[in-house]
Amino acid sequence: MKEIVVISGKGGTGKTSITASFAVLAGKSAVIADCDVDAADMHILLDPNNLKTEDFFSGELAIIDENICTQCGKCFDVCRFDAVEIIENKHTINKISCEGCGYCARVCPVNAITNIPLNVGKWFIANTRHQQPLVHAKLGIGSDNSGKLVAHVKNMAKEIADQYNRPYVIVDGSPGVGCPVVSSLSGANYVVLVTEPTVSGLHDLKRVYELVKKFHIKAGCIINKFDLNSQKTTEIIEFLENESIEHLGNLPYNEAFTKAMTECKTIVEFDSGEITNIITKVWEKVKTTLT
Amino acid sequence: MKIAIASGKGGTGKTTLSTNLASYLSENNKVVLCDLDVEEPNSALFLKTEIIHQEKKYKGIPEWNKNTCTLCGNCQEVCNYHAVIQLGDTIMVFPELCHSCYACSDLCPTNSLPMINNETGTLTHFKTNTFDFVESRLKIGEEQAVPLIKQTLKYIDNNFSDEFHKIYDSPPGTSCPVIESTKNADFVILITEPTPFGFNDVKIAIETMKALNKNFGIVINRYGVGNDDVINYCKKNNIPVLAKIPNKKEIAELYSKGELLWNKIPEVKTELENIKNFIFSNIKN
């Protein structure tokens, strides 16, 4: 089983539109994982029917029992996250700031502080309208630990792929270079980078590729809206050549992407011409590289 | 006044709005723009700048001193993140898992885990012709953005008085880095696009801002594509729509070259004026 992760560094370059297209093209050969857990959008295009919904617990939250607390202030002194607040002369924990390190509970002389497991979101196993397994998730409002939820979503997708002999796991990653992206890259066999010919598209591509290199994963790149700025497209192609990144294809600037999304369809279902042709060729290239 | 610009979905125009609003407001106001999207900071690409100060930023990570360690196992027991592990007669520290809570270090009976500074990124303070600009950039491979964001906000607080309009270009999403970037703002602008993705993600961002008790409003970018779901939702829920930036290829082209828009596209200037008027009349410094 091979795991393909789609990332971009910069947000809004077309990751999800392209990943969902791969999903449709791969059909029964793939399990899909939406690892952009704090802005998950894949479900909009694939219209899943959730078969299983589970809470995800990760990390802890400190709670002070005000009936036991003597207001000694030791917790306040040791907290590095400014999570202990004094409200109306009472020590309380700010839920948003608490990182669940448990230090305060350890130093509390009267054991007034307990750590409770934190529900950071939900995850789902679903069947898409193409009868394809999709694992996706929804991070709770303001939750930490998105990296762990990403790892969980991916592991579930891999388990399903193993069980049902699906040769591919296709992963939609999140923007940036931080913990959720690191989590989505870990264990991947191939990375598809989606970029656009803008100053920020190229800048962010370079940063995220620096991260990919640390994982020694083979990568290919799609230039979306390649005709928006030909000079930047040339610069991107030069970068790809210098770094030996496979240039998978160029997609034109075309309102059809937005139109397809507005109809909650993937672009390969909406467009029967040039764009679908290009994405199909790209998917074939990815498959060939992986064999 | 502190104005944070956030979005939920990535690539909806946070940096475009931040840089243009900063530049526009700086005509008549003291402004500092701060790029808090430390994973992928882009504001600098759109500004002509001169560096006036640069510093490396660090977070404390415990370092094992085997000469004084008695292998009592306390550090492993107190670490809730499994960042400190005892393997036989060795203590291993995993910096990427460490949250710098200091519990293992402070509670070690023989002080064998002193906290050592680990570089997390670089803060740079720039000047443009009309305003100050501060950016932090996460070192590649460092997973946690929040400590660097906290330090950057502190730098802003220490160096700029309340007279300044502080504009925070925030990261995408709704998880911890976004909370850190917006939680102390007086007003949050959520910028979105009128598509199903934009709508889905802005609803999550709206819920997040409500949970944080924030004063916020919506700006619609690429207005004209997609559908009216975002506008109808805002109307129904009494959420102010501050501006609608039109969908134009000319805007995308200027953006691609790293150029500001407001002095070239009159509609953008008008929309920025709407945003300014709304915020200035609704928010007291």
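The DSSP beta bridges internal to chain A are antiparallel in roughly 50% of cases.
Each of A:Thr288, B:Thr128, A:Thr258, A:Thr19 was scored by other Cβ atoms within 10 Å of its Cβ. Listed from fewest to most, they are A:Thr288, B:Thr128, A:Thr258, A:Thr19.
Taking Cβ separations below 4.7 Å as the criterion for a possible disulfide partner, the isolated cysteines in chain B are B:Cys34, B:Cys69, B:Cys72, B:Cys79, B:Cys98, B:Cys108, B:Cys176, B:Cys234.
Electrostatic bookkeeping for B:His99 treats Lys and Arg as +1 and Asp and Glu as -1; over the other residues with beta carbon under 10 Å from its beta carbon, the sum is 0. Charged neighbours of B:Val134, selected by a Cβ distance under 15 Å, balance to +1 (K, R count +1; D, E count -1). Annotation: aspartates and glutamates with alpha-carbon distance below 19 angstrom to A:Lys285 (same-chain offsets under eight excluded): A:Glu3, A:Asp172, A:Glu241, A:Glu243, A:Glu246, A:Glu274.
In chain B, the calculated helix contribution to ellipticity at 222 nm averages -9500 deg cm²/dmol per residue, counting -39,500 (n - 2.57) for every DSSP H run with n ≥ 4. Estimated purely from DSSP H runs of n ≥ 4, each contributing -39500 (n - 2.57), the mean residue ellipticity at 222 nm for chain A is -11000 deg cm²/dmol once divided by its residues.
Rounded to the nearest 0.05, the FRET efficiency derived from the C-beta distance between A:Thr234 and A:Thr288 at R0 = 35 Å is 0.85. Ordered by the number of other Cβ atoms lying within 10 Å of each residue's own Cβ, fewest first, A:His203, A:His136, B:His82, A:His216 fall into the sequence A:His216, B:His82, A:His203, A:His136. Between B:Glu273 and B:His82, the modelled label-to-label distance comes to 5.9 nm, taking each label 7 Å out from Cα in the direction of the beta carbon. Each label point is 7 Å from the Cα along the Cα-to-Cβ direction; what then is the distance between the points at B:Glu27 and B:Tyr233, in nm? The two pseudo-label positions are separated by 3.3 nm. Hull volume per residue, based on the alpha-carbon atoms of chain A and their convex hull, is 154 Å³. Of the GluC sites (Glu not before Pro) found in region B:152-239, the ones in coil according to DSSP and having at most 10 other Cβ atoms within 10 Å of their Cβ are B:Glu163. Return the percentage of antiparallel bridges among DSSP beta bridges fully within the protein assembly as shown, rounded to the nearest 5 %. Roughly 50 percent of the beta bridges in the protein assembly as shown run antiparallel, per DSSP.
Sorted fewest first by neighbouring Cβ atoms within 10 angstrom, B:Leu87, A:Leu118 come out as B:Leu87, A:Leu118.
Here's the picture: charge each Lys and Arg Cβ at +1 and each Asp and Glu Cβ at -1 in the protein assembly as shown, and of A:Ser200, B:Ile52, B:Tyr223 the one pushed furthest to the positive end of that dipole is B:Tyr223. When chain A is treated as a Gaussian network with alpha carbon springs shorter than 10 Å, the biggest mean-square fluctuation among A:Phe257, A:Phe226, A:Phe215 belongs to A:Phe215.
Each 10 Å bin from zero up to the one holding the largest Cα-Cα distance in the protein assembly as shown carries the following percent of pairs: 3, 17, 28, 27, 17, 7, 1, 0. Which residue fluctuates the most in chain A, going by a Gaussian network model with Cα springs under 10 Å, if the choices are A:Ala157, A:Ala105, A:Ala23? Of A:Ala157, A:Ala105, A:Ala23, the Gaussian network model singles out A:Ala105 as fluctuating most.
Summarising the label geometry, the points placed 7 Å from Cα in the beta-carbon direction at A:Ser272 and A:Asp227 lie 2.2 nm from one another.
Please go through the residue pairs A:Lys122/B:Lys235; A:Lys15/B:Lys9; A:Lys90/B:Lys150 and name each one whose alpha carbons sit more than 20 Å apart in this structure. Flagged as over cut-off: A:Lys122/B:Lys235; A:Lys90/B:Lys150. In sequence order, region B:207-213 has phi-based couplings of 4, 4, 5, 5, 4, 8, 6 Hz under the Karplus curve 6.51 cos²θ - 1.76 cosθ + 1.60, θ = phi - 60°, and Gly or Pro positions carry x.
When the pairs B:Lys2/B:Lys48; A:Lys213/B:Lys244; A:Lys206/B:Lys264; A:Lys95/A:Lys214; A:Lys206/B:Lys56; B:Lys210/B:Lys244 are compared against a 31 Å limit on Cα-Cα distance, A:Lys213/B:Lys244; A:Lys95/A:Lys214 fall above it. Separation of region B:200-279 from region B:92-123 is 42 Å, based on Cα centroids.
Based on alpha carbons, the Rg and Dmax found for region A:59-119 are 10.2, 29 Å.
Residues of region B:7-43 with the amide nitrogen closer than 18 Å to a label point 7 Å from the Cα of B:Lys210, along Cα-to-Cβ, please. Residues passing the 18 Å test: B:7-9. Within the shell defined by Cβ-Cβ distances under 11 Å, the residues around A:Val191 carry a net charge of 0, with Lys and Arg each +1 and Asp and Glu each -1.
Coordinate-derived values only; no laboratory data. Just so it is clear, the model here is predicted, and its values are computed rather than measured. Please note: Cβ atoms are built from the backbone with ideal geometry, for glycine as well, and neighbour counts cover all protein chains shown.
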